[in-house]
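Visitor: Let me begin by handing over the structure; questions about it come next.
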């Protein structure tokens, strides 16, 4: 059963990844119009953890699990201070003695933009996570010995949800620039099918900056 669930998860993950790429490509094809031009592009440094709310032990020891994330977003709807957007995040993290992770997650985001520059945000998404074991991998040989082996990694489902706050600096002659702090929880499904571990949660604490896409009008 665990092996079957692992195969099903991989099929769903690859399908989700393909759908993400097709959706983003279809959306980008409309970039010549004001309605579909990408509104923002963002980049963030992040610290990953498998502790809640984040890695207190890492803060005490000075060992953090670093990563980086980039994102693009299109505005779907806006009225007054309320805005709804659709986009994707592309990211990577390194967790010492556990794994490397790279992901693509399409997400739906809602924002409240107050007068003066304060921005509140919440987003949810479902995408694909590809992980590789961080420790060196070994394979059991016929003679009972172990030899180093190549770990090509594995694809997992990655549902995620996050909240954040930022401050947008208005500019008279160009789109605003926003500095933000975000906190995201995501699940790696399944985590270890051979050991019947169905899921592992992770957190991402991010500090980043978001720019208006050139030509989008902000």
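Visitor: Among the residues of the stretch 137-168, what is the count of those that are modelled with pLDDT under 90 and not in a loop (DSSP other than H, G, I, E, B)? Steps first, answer last, please.
Guide: Narrowing the stretch 137-168 to residues modelled with pLDDT under 90: 137-154.
Among the residues that remain, those that are also not in a loop (DSSP other than H, G, I, E, B) are: 138-140, 146-148, 154.
Going through the stretch 137-168 one residue at a time, the tally reaches 7.
Visitor: Would you point out which residue out of 110, 91, 116, 125 is closer than 30 Å to residue 176 by Cβ and not in a strand (DSSP E or B)?
Guide: Numbers: 110 fails: not in a strand (DSSP E or B); 91 fails: not in a strand (DSSP E or B); 125 fails: not in a strand (DSSP E or B).
When all the criteria are applied, what remains is 116.
Visitor: Would you mind stating whether residue 188 is at pLDDT below 90, farther than 30 Å from residue 114 by Cβ, assigned to a strand (DSSP E or B) and out of contact with any helix residue (DSSP H, G or I) (no Cβ under 6 Å at 6 or more places or on another chain)? Steps first, please.
Guide: Working: at pLDDT below 90: no; farther than 30 Å from residue 114 by Cβ: yes; assigned to a strand (DSSP E or B): yes; out of contact with any helix residue (DSSP H, G or I) (no Cβ under 6 Å at 6 or more places or on another chain): yes.
Here the answer is no, as residue 188 does not meet what is asked.
Visitor: State all residues of the stretch 25-74 that are closer than 18 Å to residue 105 by Cα, at pLDDT below 55 and surrounded by 13 or more Cβ atoms within 10 Å (Cβ to Cβ); if no residue qualifies, say none.
Guide: Hits for the stretch 25-74 are 27, 28.
Visitor: Scan the stretch 95-110 and give yes if some residue there is over 30 Å from residue 171 (Cβ atoms), touching a residue at least 60 places away in the same chain (Cβ under 8 Å) and in contact with a helix residue (DSSP H, G or I) (Cβ under 9 Å, 6 or more places away or on another chain), otherwise no.
Guide: Looking for residues that are over 30 Å from residue 171 (Cβ atoms), touching a residue at least 60 places away in the same chain (Cβ under 8 Å) and in contact with a helix residue (DSSP H, G or I) (Cβ under 9 Å, 6 or more places away or on another chain), one finds at least one in the stretch 95-110, hence yes.
Visitor: Determine whether residue 134 is at pLDDT below 90 and more than 18 Å from residue 202 (Cβ to Cβ).
Guide: On the way: at pLDDT below 90: yes; more than 18 Å from residue 202 (Cβ to Cβ): no.
It is false that residue 134 is at pLDDT below 90 and more than 18 Å from residue 202 (Cβ to Cβ).
The values are calculated or read from the model by the stated rules, or taken from the named source; none is laboratory data. Remember, it's a predicted structure, so these values are computed and weren't measured experimentally. As a convention, Cβ positions derive from the backbone with ideal geometry for all residues, glycine included, and neighbour counts pool all protein chains shown.
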